[in-house]
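Participant: Below is a structure I'd like to ask you about.
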Amino acid sequence: NGHVRLQDLRFGYDADREILKGIDVDVPPGSMLAVVGPSGAGKSTLSRLLFRFYEPTGGRITIDGQDINKVTQKSLRAAIGIVPQDSVLFNDTIGYNIGYGREGAGQAEIEAAAKGAAIHDFIAQLPHGYDSQVGERGLKLSGGEKQRVAIARTLLKDPPILVLDEATSALDSRTEAAIQETLRNVAARRTSIVIAHRLSTVVDADQIVVLDQGQVAERGTHAQLLRKN
Ligand code: ADP
Ligand code: ADP
């Protein structure tokens, strides 16, 4: 499981202007979908619907056949892990930030969980130790480092579906490469949806959808899209 489908998905912030104009995408279990497109295309709007910030005005999003707007928050949380664009970290240790929500999550617990979630390498490569303090009185992490902590936090829950919104984050290319590498490793075991700003960052996606003015303008693999353009 972890089968995500967008069916004739429509949304408008105002009744007189439709932003998403009927999107159909099938994301088979265990595959990676990337959504790219120019600014204003509707990528963030789509991610807000996946996050259930808003309800579609038409069509639906389903997980294993179930409308995400008809399940409890609890089961949605268990099914889908979200890494938003600009994750907010607590002014606390990196360990606390990664293990947030877990009872008594010390380093040992986090490491055990990380092993289960097959993200041990990713966590081990974080540039600072678990005990490093971040925020006002501690380290000032770069956008990319924050993103990595946020990804670790989400992956630790081992959700069958991962949604990563990197559409407007200013990640340096090294961080982008590291995140892609991680996704390659963890995505093999789960369904993933990456909202990206550049085609070059989603080479590995099984399926790329190019949004333009709220519609699917093109779809295919990275190689297929390069050939067309
Ligand atoms: P992208 O993420 O691809 O740049 P967005 O989803 O942010 O695109 O924007 C798609 C369209 O929706 C744009 O025309 C934008 O002005 C509009 N829009 C985005 N957010 C809102 C909002 N909160 N209220 C009204 N219109 C919005
Ligand atoms: P927990 O409280 O277990 O740490 P989160 O608060 O990270 O879980 O996420 C729970 C749910 O809240 C997510 O599945 C998602 O639906 C929503 N959510 C979390 N963070 C965001 C965000 N930045 N933007 C939109 N929705 C979010």
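The values are calculated or read from the model by the stated rules, or taken from the named source; none is laboratory data. Worth saying up front: this structure is predicted, and the values here are computed from it rather than measured. Ligands, DNA and RNA are stripped out before the accessible areas are found, and what is left, the full protein with its side chains, is counted by its heavy atoms. Shrake-Rupley method; radii C 1.70, N 1.55, O 1.52, S 1.80 Å.
Participant: Return a single number: how many Lys pairs in the chain, at a sequence separation of 8 or more or on separate chains, have alpha-carbon atoms below 28 angstrom apart.
Facilitator: Going through the chain pair by pair, I get 17.
Participant: Any idea how far the Cα center of segment 185-229 sits from the one of segment 27-67, in Å?
Facilitator: Distance between centres, Cα-based: 13 Å.
Participant: Can you give the accessible area per residue of segment 6-82, in Å², using a 1.4 Å probe?
Facilitator: Values: 3860 Å² over 77 residues.
On a per-residue basis, 50 Å².
Participant: Using 0.36 nm per residue, how much length does the chain from Asn185 to Asp8 gain when fully extended, once their Cα-Cα distance is taken away? Please report the intermediate quantities before stating the final value.
Facilitator: Values: separation 177, 0.36 × 177 = 63.72 nm, distance 3.13 nm.
Extending this stretch completely gives an extra 60.6 nm.
Participant: Now a separate question. Can you sort Lys140, Lys43, Lys228 by 1.4 Å-probe accessible area, starting with the largest? Working shown, then result.
Facilitator: Working: Lys140 180, Lys43 20, Lys228 125 Å².
Descending order: Lys140, Lys228, Lys43.
Participant: Sticking with this structure for a sec: Express the carbon and sulfur contribution to the solvent-accessible surface of segment 1-80 as a percent, rounded to the nearest whole number, probe 1.4 angstrom. Don't skip to the answer; put the middle values down first.
Facilitator: Working: 1870 of 4110 Å².
Within segment 1-80, the accessible surface is 45 percent carbon and sulfur.
Participant: What's the extension gain from Arg219 to Lys74 if we count 0.36 nm per residue and subtract their Cα-Cα distance? All intermediate terms of the calculation are to be shown ahead of the outcome.
Facilitator: Values: separation 145, 0.36 × 145 = 52.20 nm, distance 3.28 nm.
That works out to 48.9 nm of additional length.
Participant: Follow-up question, since we're still on this one. What residues have an amide H closer than 5 Å to that of His128, excluding those fewer than 5 places away on the same chain, when H is modeled at 1.01 Å from N in the peptide plane?
Facilitator: Under 5 Å from the amide H of His128 lies no amide H from a residue far enough along the sequence or on another chain.
Participant: In terms of the ratio Rg/(2.2 N^0.38 Å) built on C-alpha atoms, what value belongs to the chain?
Facilitator: Details: Rg = 17.6 Å, N = 229, 2.2 N^0.38 = 17.3 Å.
The reported ratio for this selection is 1.02.
Participant: Moving on. Carbon and sulfur atoms: what percent of the 1.4 Å accessible area of segment 173-229 do they account for? Numbers along the way, then the final one.
Facilitator: Working: 1350 of 2880 Å².
That share works out to 47 percent.
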